[in-house]
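**Student:** Sending over a structure as structure tokens; questions will come in a sec.
Read the figures in this text as sums done on the coordinates, not as results from a lab. This one's a predicted model, so the numbers in the text were calculated from it and none came from an experiment. Neighbour counts are summed over all protein chains in view; Cβ atoms, including those assigned to glycine, are modelled from backbone coordinates with ideal geometry.
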Amino acid sequence: MSTSKFAVAGATGRLGRHVVDVLTERGHQVVPMSRATGVDIVTGAGLAEALTGVDVIVDVASWHASEQAAATEFFRTATRHLHEAGQRAGVGRITAVSIIGADKATAGFVAAQQVHEEVALSGPLPTRILRAAQFHEFVGQLLDWQPGGVAYIPALPTQLVACRTVAETLVDLATEPDGASPGTPIPEIAGPRRESMAEAAKLLGARRGIEVVEVDGSGVPDGETAAAGGFLPGPHAKLAGPTFQEWLDTQF
């Protein structure tokens, strides 16, 4: 695709900042959409104005907590508004990010992403989805959720990936001129190797002065599915670095 105009929903978030940077570096016009820029995709305020002349919407907006019902309502409402306002503005298509394993989830935030995918794919605008593994940055979030000197982290398998890597892959998808062929699996992006969430947390905890205690995943939504590898990338996934250790070395 030649130079185009992209609107990024969730532009000031953890992933959105990288998406804006990658699009800008590649010479595209970018309209950052977030409450900070006067656009609220939940109420629809400012959306029509922001989407004027936009070719593609990149949807990386996310809910700030893990509670399933609230996250589901956010994704359902926000995605519907993006489709409706985008259709009125003449937007060509939407590219959205989801989570690897969303199709297997039955509870929690990942199950809310399942609804996000369903609403996105059933809307009036052509939509492509990229499923991503958990971000490197998510490990710090896990530690933040347990204030104090000790954190209890499940020893579940994961294939952590850097936000920047996800952003680059998402922009690749958003700028492809043609949609996926029928029957093609939803593309996935994950880190270069399988890791344990608890082991990754120990690496970060050592730098923060936090003791990480490894626990099983029985208290985690869909913990059995996760333990069995249900949220690991499939054989068609793109795998790309840096590893969590390599990424961590650039953060301190």
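**Student:** For the chain, take the longest principal axis of its alpha carbons; what is the angle in degrees between that and the long axis of helix 16-25, to the nearest 10 within 0 to 90?
**Tutor:** 60
**Student:** Another one. Quick one: Cα centre-to-centre distance for region 176-227 and region 67-87, in angstrom?
**Tutor:** Region 176-227 and region 67-87 have Cα centres separated by 24 Å.
**Student:** Where a Cα-Cα gap under 27 Å defines reach, which lysines qualify for LYS202, not counting those fewer than 8 residues away within the same chain?
**Tutor:** Within reach: LYS238.
**Student:** Here's a follow-up. What are the extents of the Cα atoms of region 167-252 along their three principal axes, in Å, largest first?
**Tutor:** 49, 33, 17
**Student:** Between ASP21 and GLU49, what is the spin-label point distance in nm, taking each point 7 Å from the Cα along the Cα→C-beta axis?
**Tutor:** Distance between label points: 2.9 nm.
**Student:** At q = 0.13 Å⁻¹, what is the log10 ratio I(q)/I(0) for the chain, with the Debye formula run over Cα points and no solvent?
**Tutor:** With one equal scatterer per Cα and no solvent, log10 I(q)/I(0) is -0.81.
**Student:** Just order 213-224, 110-121 by mean Cβ neighbour count inside 10 Å, highest at the front, would you?
**Tutor:** Values: 213-224: 14.2, 110-121: 21.1.
Put in order of decreasing packing, that is 110-121, 213-224.
**Student:** Please give the calculated 222 nm ellipticity per residue for the chain, where each DSSP H segment of at least 4 residues contributes -39500 (n - 2.57) and the sum is spread over every residue; nearest 500 deg cm²/dmol?
**Tutor:** Numbers: 9 runs with 97 residues, N = 252.
My calculation for the chain gives -11500 deg cm²/dmol from helical runs alone.
**Student:** Using packing as a proxy for protection, rank 70-82, 138-150, 156-168, 198-210 so that the peptide with the highest average count of other Cβ atoms within 10 Å comes first.
**Tutor:** The most tightly packed comes first, giving 156-168, 70-82, 198-210, 138-150.
**Student:** Please figure out what share of the DSSP beta bridges in the chain is antiparallel and state it in percent, rounded to the nearest 5.
**Tutor:** Numbers: 2 of 31 bridges.
Among the beta bridges of the chain, antiparallel pairing accounts for roughly 5 percent.
**Student:** For the chain, what relative contact order do you get, as a whole percent, if you take Cα pairs closer than 8 Å and at least 6 residues apart?
**Tutor:** Taking the mean separation of contacting Cα pairs over the length of the chain, I get 19 percent.
**Student:** What list of ³J(HN,Hα) values in whole Hz, one per residue of region 37-42 in order, does the Karplus curve 6.51 cos²θ - 1.76 cosθ + 1.60 (θ = phi - 60°) give from phi, with Gly and Pro shown as x?
**Tutor:** My calculation for region 37-42 gives 9, x, 10, 10, 6, 7 Hz in order.
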